[in-house]
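Asker: Mind having a look at this structure? Questions to follow.
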Amino acid sequence: MGPTTMWICQGINIMPEHDSIGFGIVGTGMAAELHARAITASADDNAHLIGFASRRSDKTLSEKYGGRCMKLKEMLSRPDVDVVCICSPSGLHADQAIECAQSGKHVLVEKPMALTTTDARKMIKAFELAGRLLGVALQRRAEPLFKKVHLAVQSGELGDLVAGLVSIPYNRTEAYYNSAAWRGTWALDGGGVLMNQGIHLLDLLIWFMGDPEHIQARAATLGHNIEVEDTLSATLTFAGGAMATIVATTLAEPGFAHRVEIYGTYGGIQIEGEEILRWQTAAGKPAHGLRERTAGAGAGGDPSGIPITGHIEIVKNFIAAIRGKEALLVDGHEGMRSVAAVEAIYSAAGLDRKS
């Protein structure tokens with residue numbers, strides 16, 4: 001794409017380069033702070049943080065990052081708010097996003113975009129009707145490292161894919177689940193280790209390997225006093241016969257770095273945390289000059305260990321999409337793929353999501 005190329009977004013009014021883009025954030029938790037930091041880091045792109053919407057009128061983040069503390073209805077009535085970042089509990093995402101669309105706002109919604117594919121489709125339809133953009137903050141897709149891996153897979157550098165692995169040996173304490181009433185509930189968290197902690201890594205797996213066609217799974221609540229699963233394993237089979245395994249828990253004290261591994265007939269890539277451990281091809285030489293590294297636990301032991309770089313890139317991409325310069329890296333349709341995969345895995349595991 002050349003420097004003057006414009007992406008045509010049907011029904012979307014393209015904002016000129018010099019126009020300020022005002023952001024509002026719904027929620028005042030950890031995800032909201034990540035979005036606030038990413039918006040602040042995008043000031044050179046003419047992004048401005050207008051304020052936060054909170055049901056509890058929590059002024060902590062507005063005092064730290066600036067902007068007003070307000071209710072959602074006030075935020076949606078403000079003409080200087082162009083984009084709403086939804087960082088509320090997952091079970092609120094769908095209704096809040098649809099309300100934003102009907103108010104003429106673009107939305108960047110945290111993961112998961114919704115708790116069900118039914119709600120995800122309703123969101124997509126609402127934004128199509130409103131002529132506004134719906135993006136999903138599956139931010140690892142915006143990271144240069146993971147984009148490079150995706151390109152390698154898509155270009156055939158690894159040959160025909162045969163196997164994948166996602167390992168999530170995280171630790172979440174009882175204090176974490178007790179920190180908010182919605183955590184660990186089906187109604188507002190939508191699931192446990194897979195829907196909440198693991199969906200980013202599941203999203204990478206299906207981005208690299210495709211949507212699974214057959215699933216076997218087991219899940220249990222082995223150590224926490226919560227409604228949802230804290231331990232899960234699944235085997236996924238893809239078109240062409242490739243298989244992948246997912247093993248996830250929030251009981252692995254003190255918490256370890258997650259791993260994503262992809263193997264094909266020409267080579268394989270091993271990722272630990274946010275680093276490449278090995279990238280080797282049949283020719284026997286490491287690709288791209290990468291050296292072996294040891295990754296820290298990152299978010300494995302502490303949810304605040306999520307790096308900010310991916311959120312910055314996803315916000316910058318959203319700004320570029322509003323200006324007609326880029327396509328969204330993760331639109332509603334792409335964001336729904338991981339929700340569909342979680343649904344299918346939970347169904348295969350026999351989980352009752354209505355309990």
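Only the coordinates and a few stated rules stand behind these numbers; no lab work does. Not measured: the values here are computed from a predicted model. Cβ sites come from the backbone with ideal geometry, for glycine too, and all protein chains shown count toward neighbours.
Asker: If you line up the long axis of helix 332-348 against the longest principal axis of the chain, both from Cα atoms, how many degrees apart are they, to the nearest 10?
Answerer: Roughly 50 degrees, rounded to the nearest 10.
Asker: TYR266's amide H: which non-local residues (gap 5+, or another chain) put their own amide H closer than 5 Å, with H modeled 1.01 Å from N in plane and none for Pro or chain starts?
Answerer: GLY159, ASP160
Asker: Let me ask something else about it. Using the Karplus equation 6.51 cos²θ - 1.76 cosθ + 1.60 (θ = phi - 60°), what ³J(HN,Hα) coupling, rounded to whole Hz, does each residue of the range 76-93 give in order, writing x for Gly and Pro?
Answerer: Result, ordered by residue: 6, 8, 7, x, 8, 9, 9, 10, 10, 8, 8, 10, 7, x, 4, x, 9, 4 Hz.
Asker: Sticking with this structure for a sec: Angle, helix 199-209 long axis vs. longest principal axis of the chain, Cα atoms, 0 to 90°, nearest 10?
Answerer: Between helix and principal axis, roughly 60 degrees.
Asker: So for the range 170-218, taking the charge dipole from beta-carbon charges (+1 Lys/Arg, -1 Asp/Glu), which of GLY192, ALA175, ALA217 sits furthest toward the positive end?
Answerer: ALA175
Asker: By what distance, in whole Å, do the Cα atoms of the range 26-108 stretch along each of the three principal axes, largest value first?
Answerer: 29, 25, 20 Å, listed from the longest principal axis down.
Asker: So which trypsin sites (Lys or Arg not before Pro) in the range 22-77 pass both tests, a DSSP loop state and at most 16 other Cβ atoms within 10 Å of the Cβ?
Answerer: Hits after loop and neighbour filter: ARG55, ARG56, LYS59, LYS71.
Asker: Return the sequence-ordered ³J(HN,Hα) values of the range 266-274 in whole Hz as given by the Karplus equation 6.51 cos²θ - 1.76 cosθ + 1.60 applied to θ = phi - 60°, using x for Gly and Pro.
Answerer: Going residue by residue, I get 10, x, x, 10, 10, 10, 10, x, 10 Hz, with x marking Gly and Pro.
Asker: Given charges of +1 on the Cβ of Lys and Arg and -1 on the Cβ of Asp and Glu, with all other atoms neutral, how large is the dipole of the chain about its Cα centre, in debye to the nearest 20?
Answerer: Values: 33 positive and 39 negative charges, 74 e Å.
Dipole magnitude for the chain comes out near 360 debye.
Asker: Sticking with this structure for a sec: Which whole-percent values make up P(r) of the range 127-284 when all C-alpha to C-alpha distances are grouped in 5 Å steps starting at zero?
Answerer: 2, 8, 16, 19, 17, 15, 11, 7, 3, 1, 0
Asker: Then there's this: Given springs between every Cα pair under 10 Å in a Gaussian network model of the chain, which of GLU313, GLU128, GLU74 has the largest fluctuation?
Answerer: GLU74
Asker: Can you list residues from other chains, or at least 5 along the same chain, whose modelled amide H is less than 5 Å from the amide H of PHE52?
Answerer: HN-HN under 5 Å from PHE52: ILE25, ARG68, CYS69, MET70.
Asker: Then there is this: Go ahead and estimate [θ] at 222 nm for the chain from helices alone: -39,500 (n - 2.57) per DSSP H run with n ≥ 4, summed, over the residue count, rounded to 500. Don't skip to the answer; put the middle values down first.
Answerer: Values: 10 runs with 105 residues, N = 355.
That comes out to -9000 deg cm²/dmol.
Asker: Quick one: helix 117-130 against the long Cα principal axis of the chain, what's the angle to the nearest 10°, folded into 0 to 90?
Answerer: Helix 117-130 and the main axis of the chain meet at about 40 degrees.
Asker: Over all directions, the average projected area of the alpha-carbon convex hull for the chain comes to how many nm²?
Answerer: Mean orientational projected area (the chain, Cα hull): 17.6 nm².
Asker: Turning to a different aspect of this structure: Any idea how far the Cα center of the range 232-285 sits from the one of the range 127-206, in Å?
Answerer: Centre-to-centre (Cα) distance: 14 Å.
Asker: Taking a 25 Å limit on the Cα-Cα distance, which of the listed pairs LYS148/LYS325; LYS64/LYS147; LYS122/LYS147 fall beyond it?
Answerer: Listed pairs above 25 Å: LYS64/LYS147; LYS122/LYS147.
Asker: If contacts are Cα pairs under 8 angstrom and at least 6 residues apart, what is the relative contact order of the chain in percent? Kindly include the intermediate steps, with their values, before the conclusion.
Answerer: Details: 750 pairs, mean separation 72.9, N = 355.
Computed over the chain, the figure is 21 percent.
Asker: Now for a different question. Indicate, rounded to the nearest 5 percent, the antiparallel portion of the DSSP beta bridges found entirely in the chain.
Answerer: Of the beta bridges lying entirely in the chain, close to 55 percent run antiparallel.
Asker: With θ set to phi - 60° and the Karplus curve 6.51 cos²θ - 1.76 cosθ + 1.60, what are the ³J(HN,Hα) couplings of the range 184-192 in order, to the nearest whole Hz, using x for Gly and Pro?
Answerer: Once θ is set to phi - 60°, the couplings for the range 184-192 become x, 10, 5, 5, 10, 8, x, x, x Hz.
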